[in-house]
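Chemist: If you scroll down you'll find the structure; I have some questions about it.
Every number here is computed from the coordinates shown, using simple stated rules; none is lab data. Quick caveat, the model's predicted, so the values are computed rather than measured. When we count neighbours, we look across all protein chains shown, and the Cβ atoms used for this are built from the backbone with ideal geometry, even at glycine.
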Amino acid sequence: MMKERTSFIIGEEATLTKLVSDDDIKSFARISGDDNPVHMNDDYAKGTMFGGRIAHGMLVAGLISAVLGTMLPGPGAIYMSQQLRFLAPVRPGDQVTASAKVTEWDAVKGRVTLSTEVKNQKGVAVISGEARLVMSSYLKK
């Protein structure tokens, strides 16, 4: 079992890169129940403003959750809030990199605030936002 961190440095950052596959999109649709044709149907999606199928925004945002839960702040981190702005579509076959950067650390309350972002393989920001988390060991106090 990994030990929960008890301090963070402003500016500390972690990233995770993933290729978004067609199977990821289909699996997310099955799990979430969101089978909007803009995600699932090539012919329908070609007629939209996107000109083709796109990944679910929350599928891509889930990579931010992976960074926060496994890397920074990591094990023991509990979401309090996540603000997201969806800036550009992600398509099947895109490689995206989710990042989180510490902007505030309250050592008394065990709360950490991070700027969050996802960029595609071209370096274009597709999601930006801010996350606030509390470390679970502080909830026991």
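Chemist: Limited to segment 82-96, what total is found for residues that are buried (at least 17 other Cβ atoms within 10 Å of the Cβ) and of a type in the set (S, T, N, Q)?
Modeler: Of the residues in segment 82-96, 0 are buried (at least 17 other Cβ atoms within 10 Å of the Cβ) and of a type in the set (S, T, N, Q).
Chemist: Among the residues of segment 114-122, is any within 15 Å of Leu68 (Cα to Cα), small (Gly, Ala, Ser) and either buried (at least 19 other Cβ atoms within 10 Å of the Cβ) or touching a residue at least 40 places away in the same chain (Cβ under 8 Å) (or both)? Spell out the reasoning first.
Modeler: Step one: of segment 114-122, the residues within 15 Å of Leu68 (Cα to Cα) are 114-118.
Retained after the next criterion (residues that are small (Gly, Ala, Ser)): 115.
With either buried (at least 19 other Cβ atoms within 10 Å of the Cβ) or touching a residue at least 40 places away in the same chain (Cβ under 8 Å) (or both) added as a condition, the list becomes none.
Checked segment 114-122: no residue is within 15 Å of Leu68 (Cα to Cα), small (Gly, Ala, Ser) and either buried (at least 19 other Cβ atoms within 10 Å of the Cβ) or touching a residue at least 40 places away in the same chain (Cβ under 8 Å) (or both).
Chemist: Of the numbered conditions (1) part of a helix (DSSP H, G or I); (2) within 21 Å of Asp23 (Cβ to Cβ), Leu139 fails exactly one; give the number of that condition.
Modeler: Failed condition: (2).
Chemist: Determine which member of the set Asp35, Asp22 is farther than 30 Å from Ile78 by Cβ, acidic (Asp, Glu) and touching a residue at least 40 places away in the same chain (Cβ under 8 Å). Walk me through how you get there before you give the answer.
Modeler: Values: Asp35 fails: touching a residue at least 40 places away in the same chain (Cβ under 8 Å).
One residue alone meets the criteria, Asp22.
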